[in-house]
Amino acid sequence: MMASSDVLAVQTRGLTKRYRRVTALRGASITVPEGRISALIGPNGAGKTTLLRLLAGLARPGSGDVEVLGGRPAQHPSFLANVGFLAQEIPLYRRFTVGEHVAAGAHLNSRWDGAYVRQRLASLDIPLGQRVGALSGGQRAQLALSLTLAKRPRLLLLDEPVAALDPLARRHFLAQLAEAVADGGLTVVLSSHLLADLEQTCDHLILLAAASVQLCGDIDTLLAEHQVLIGPRKDTTAIERDHTLVHAVRTARQTTLLIRRSGPVIDPAFEAADVGLEELVLGYMSQPAGPRPGRLTTIGEQQ
Amino acid sequence: MTWLVWRQHRNQVYIAAAALAVFAALLLVTGLQIAGQYRSARAACAASHSCTNLASNLTLGSPLLSLLVTLTVVVPCLLGVFWGGPLVARELETGTNQFAWMQGVSRRRWLAVKVGWVLLAAAAWAGAVSALVTWWSSPANALNQQNFQPGQFDIQGIVPVGYALFAVALGIAAGALIRRTVPAMAVTVAVFTFLRLVIGQDLRSHYLAAVTIIGRFGQHARTPTGSYWLISRGLVGRDGQLLSAPPLESGLSVNGVPVSEMPAACRPLALQNPVKMLSCLTEHGYRGFFTSYQPAGRYWAFQGIETGIYLLIAAALIAVTAIVVLRRDA
């Protein structure tokens with residue numbers, strides 16, 4: 001799945017979080033190697049925010065382990081200095097000006113790149129004297145992101161960062177993110193419920209559905225491990241025995257299977273095709289909630 | 001952190017500073033007038049032969065002003081509601097704690113600096129108001145021997161500082177627990193008022209055992225002197241038991257004992273012939289009058305004890321706040 005020499009920026013084992021009766025995250029085990037841009041994808045309510053908050057140390061796990069940059073998340077300057085977190089609601093002080101937020105960041109952080117944040121805000125045409133309450137949603141998101149980046153974190157956790165941005169700003173923002181990661185020393189985990197937002201930029205994927213991790217790994221590896229099989233309508237027990245069936249679509253004349261390969265597929269009746277990222281994600285997301293693997297969804301089956 | 005606290009709360013500081021300045025100016029001007037009025041009245045009384053009871057003839061200042069000064073009893077509660085209540089609750093409500101807690105400052109330090117400054121400010125404001133009121137009231141204290149009385153005790157000396165620290169700690173803790181500003185403010189008012197009433201009415205008189213003077217009928221009884229605090233008065237029964245009656249708002253009473261509480265046969269004598277009334281009471285088995293009070297010399301001991309109680313409660317509330325803020329999820 002990944003080279004053993006990779007240093008892990010994030011590692012969780014059996015991470016579970018309950019809020020009263022609702023289980024927001026169940027037994028999540030993920031790894032994100034350093035230097036990746038990881039897309040945390042899942043439908044609304046899948047547990048993306050919970051996972052990010054656990055990584056940031058804003059929430060405590062009910063059970064399981066979290067390791068971030070080699071240590072447990074802590075309310076300690078040495079941890080906080082290395083981790084940037086941007087909440088989905090973009091919490092900022094509405095009555096502060098943009099400049100006062102920059103000043104607050106300078107006062108609250110031992111490592112702070114004030115020149116960078118001023119230059120970034122200037123390039124975004126966000127005036128320092130403006131009150132935050134008067135900024136547009138997109139400007140607020142950009143300001144919050146600039147403040148987070150000015151900490152020069154080693155791990156950046158972004159909860160739906162592009163939701164408030166228009167398509168152009170979205171592309172620009174993701175390009176900047178890729179650039180920052182390319183400069184080295186930065187790992188990013190960013191969530192979205194839309195894969196299309198992140199597909200271009202990310203090289204790592206965490207797929208959450210119904211509070212459980214469905215997939216986690218480098219996108220190239222994941223794509224190579226999966227295959228789409230297209231063949232006639234026939235019994236697929238043998239294939240299901242040899243490989244892990246993720247998702248199946250059966251019509252009267254044709255069967256389409258998404259499988260996780262455990263070796264070469266030898267059934268000559270099926271034509272094997274590479275799988276696209278979107279196909280892969282949709283295949284996993286349309287699984288019914290519950291234990292995996294082996295359950296399959298049948299769509300359009302005629303009785 | 002201090003920069004952030006100042007930026008977040010400077011408007012509250014400006015408003016409170018302006019209010020305090022107006023109040024101080026008002027009290028300084030009128031306080032000097034009252035002091036002058038008292039001084040000349042005393043001089044006139046000393047020169048005159050007919051002046052025996054200055055207090056019954058002299059009214060210091062205007063009733064409206066006295067009312068305003070009495071109303072400073074709500075200052076600690078206001079500080080608790082407007083400074084304490086929103087301190088943590090507003091951050092949790094608007095999510096800005098998530099911004100603050102992901103900067104390079106530990107949650108512990110964030111809380112300590114915020115709470116530290118607001119408590120310091122509350123103590124300073126309550127102390128300033130109390131100092132002004134105490135100074136302003138000093139002629140009235142001397143004239144009416146009133147500063148140990150409930151109502152006056154609560155707005156003078158050091159207890160207002162204790163009340164203010166308690167109120168602010170209560171507001172902070174309520175906000176941390178409820179996580180919403182307006183309900184936290186409401187809870188602050190309710191709990192503060194309840195506790196102040198309970199402690200003021202039921203607990204304070206028991207800080208130290210009251211001194212009781214018993215005077216047998218016909219003997220000249222010692223009377224407490226100075227700014228003592230009267231706890232109860234009444235009759236001494238056959239076996240030496242103290243029979244006190246609730247203080248009467250109106251109606252005739254003898255040494256605080258309502259005439260209606262006396263044996264029916266003695267009642268008519270209360271007005272007509274006090275000496276006969278006493279012998280009537282003796283015939284009915286009563287042995288004398290008693291007076292229970294807290295001596296004037298205990299004023300500062302009581303101030304200290306009451307302040308200490310509120311400081312302890314405030315410390316407990318801050319501890320609860322710390323546990324909630326540091327342990328709970330953001």
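Any residue at all in the stretch B:163-172 that's open to solvent by 20 Å² or more (accessible area, probe 1.4 Å) and at negative phi?
yes
Yes/no per residue for (1) closer than 24 Å to B:Leu67 by Cα; (2) within 17 Å of the chain's Cα centre (by Cα); (3) in a loop (DSSP other than H, G, I, E, B):
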position: B:Phe148; (1), (2), (3): yes, yes, yes
position: B:Gly151; (1), (2), (3): yes, yes, yes
position: B:Gly162; (1), (2), (3): yes, yes, no
position: B:Gly171; (1), (2), (3): no, no, no
position: B:Ala176; (1), (2), (3): no, no, no
position: B:Leu203; (1), (2), (3): no, yes, no
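Out of the residues in the stretch A:46-60 that are open to solvent by 10 Å² or more (accessible area, probe 1.4 Å) and under 20 Å from A:Ile90 (Cβ atoms), state the one that is farthest from the other protein chains (Cβ to nearest Cβ).
A:Lys48
Looking only at the stretch B:101-129, count every residue that is without any contact (Cβ under 8 Å) to a residue 40 or more places away in the chain and either away from chain A (no Cβ under 14 Å) or in contact with a strand residue (DSSP E or B) (Cβ under 6 Å, 6 or more places away or on another chain) (or both) and tell me the total.
5
Go through the stretch B:308-330 and give me each residue that's of a type outside the set (A, V, I, L, M, F, W, C), surrounded by fewer than 20 Cβ atoms within 10 Å (Cβ to Cβ) and away from every other protein chain (no Cβ under 14 Å).
B:Gly308
Please go through the stretch A:61-82 and pick out each residue that is within 14 Å of another protein chain (Cβ to nearest Cβ), under 23 Å from A:Asn109 (Cα atoms) and not aliphatic (A, V, I, L, M).
Correct list: A:Pro73, A:Gln75, A:His76, A:Pro77, A:Ser78, A:Phe79, A:Asn82.
Considering only the stretch A:89-110, how many residues are within 7 Å of chain B (Cβ to nearest Cβ) and among the charged types (D, E, K, R)?
Adding up the residues that qualify gives 2.
Under 6 Å between Cβ atoms, which residue pairs at least 6 apart in sequence (or on different chains) link something in the stretch B:277-297 that is farther than 12 Å from B:Thr223 by Cα with a partner that is in a helix (DSSP H, G or I) and not polar (S, T, N, Q)?
B:Met277/B:Leu269; B:Met277/B:Ala270; B:Cys280/B:Leu269
Would a scan of the stretch A:200-219 turn up a residue that is assigned by TED's automatic domain parsing to the domain that holds A:Ser29, of a type outside the set (A, V, I, L, M) and more than 25 Å from A:Gly70 (Cα to Cα)?
Yes - at least one qualifying residue is present in the stretch A:200-219.
Can you tell me which residue in the stretch A:224-254 is surrounded by the most Cβ atoms within 10 Å (Cβ to Cβ), limited to those that are touching a Lys or Arg at 6+ places or on another chain (Cβ under 9 Å) and assigned to a strand (DSSP E or B)?
Only one residue tops the list, namely A:Val246.
When the stretch A:255-301 is examined, which residues are found to be loosely packed, with under 13 Cβ neighbours inside 10 Å, among the polar types (S, T, N, Q) and either touching a Pro at 6+ places or on another chain (Cβ under 7 Å) or at pLDDT 75 or above (or both)?
A:Ser262
Please count how many residues of the stretch A:76-121 are open to solvent by 50 Å² or more (accessible area, probe 1.4 Å) and in contact (Cβ under 8 Å) with a residue 60 or more places away in the chain.
Looking only at that region, the number is 1.
Out of all the residues in the stretch A:32-43, is one or more more than 13 Å from chain B (Cβ to nearest Cβ), part of a strand (DSSP E or B), over 29 Å from B:Arg109 (Cβ atoms) and open to solvent by 40 Å² or more (accessible area, probe 1.4 Å)?
no
Can you work out which of the residues in the stretch A:122-131 that are surrounded by 13 or more Cβ atoms within 10 Å (Cβ to Cβ) and hydrophobic (A, V, I, L, M, F, W, C) is nearest to the chain's Cα centre (by Cα)?
Of everything passing the filter in the stretch A:122-131, A:Leu124 is nearest to the chain's Cα centre (by Cα).
Taking B:Ile309 as the residue in question, decide whether it is outside the structural domain of B:Gly218 (by TED's automatic domain parsing) and either modelled with pLDDT of 75 or more or aliphatic (A, V, I, L, M) (or both). So that I can check it myself, show each step before the final result.
Details: outside the structural domain of B:Gly218 (by TED's automatic domain parsing): yes; either modelled with pLDDT of 75 or more or aliphatic (A, V, I, L, M) (or both): yes.
In short, yes.
Please list, ordered by first then second residue, the pairs with beta carbon atoms under 9 Å, 6 or more apart or interchain, first in the stretch A:136-165 and within 12 Å of chain B (Cβ to nearest Cβ) and on the phi > 0 side of the Ramachandran plot, second of a type in the set (A, V, I, L, M) and open to solvent by 10 Å² or more (accessible area, probe 1.4 Å).
As it stands, the answer is A:Arg152/A:Ala81; A:Arg152/A:Leu186, since those pairs meet every condition given.
Can you find a residue in the stretch B:182-190 that is part of a loop (DSSP other than H, G, I, E, B), out of contact with any Lys or Arg (no Cβ under 9 Å at 6 or more places or on another chain) and over 30 Å from B:Leu60 (Cα atoms)?
No; the residues of the stretch B:182-190 include none that is part of a loop (DSSP other than H, G, I, E, B), out of contact with any Lys or Arg (no Cβ under 9 Å at 6 or more places or on another chain) and over 30 Å from B:Leu60 (Cα atoms).
Here is a yes/no grid of residues against (1) modelled with pLDDT of 85 or more; (2) of a type outside the set (Ser, Thr, Tyr); (3) open to solvent by less than 40 Å² (accessible area, probe 1.4 Å):
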site: B:Ser48; (1), (2), (3): no, no, no
site: B:Ala55; (1), (2), (3): no, yes, yes
site: B:Gly61; (1), (2), (3): no, yes, yes
site: B:Cys77; (1), (2), (3): yes, yes, yes
site: B:Val81; (1), (2), (3): yes, yes, yes
site: B:Val88; (1), (2), (3): yes, yes, yes
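The values are calculated or read from the model by the stated rules, or taken from the named source; none is laboratory data. What you are looking at is a predicted structure, and each value in this text was computed from that prediction instead of being measured. Every residue, glycine among them, receives a Cβ derived from its backbone with ideal geometry; neighbour counts consider all protein chains shown. Side chains included, ligands, DNA and RNA excluded: accessible areas come from the protein's heavy atoms. Shrake-Rupley method; radii C 1.70, N 1.55, O 1.52, S 1.80 Å.
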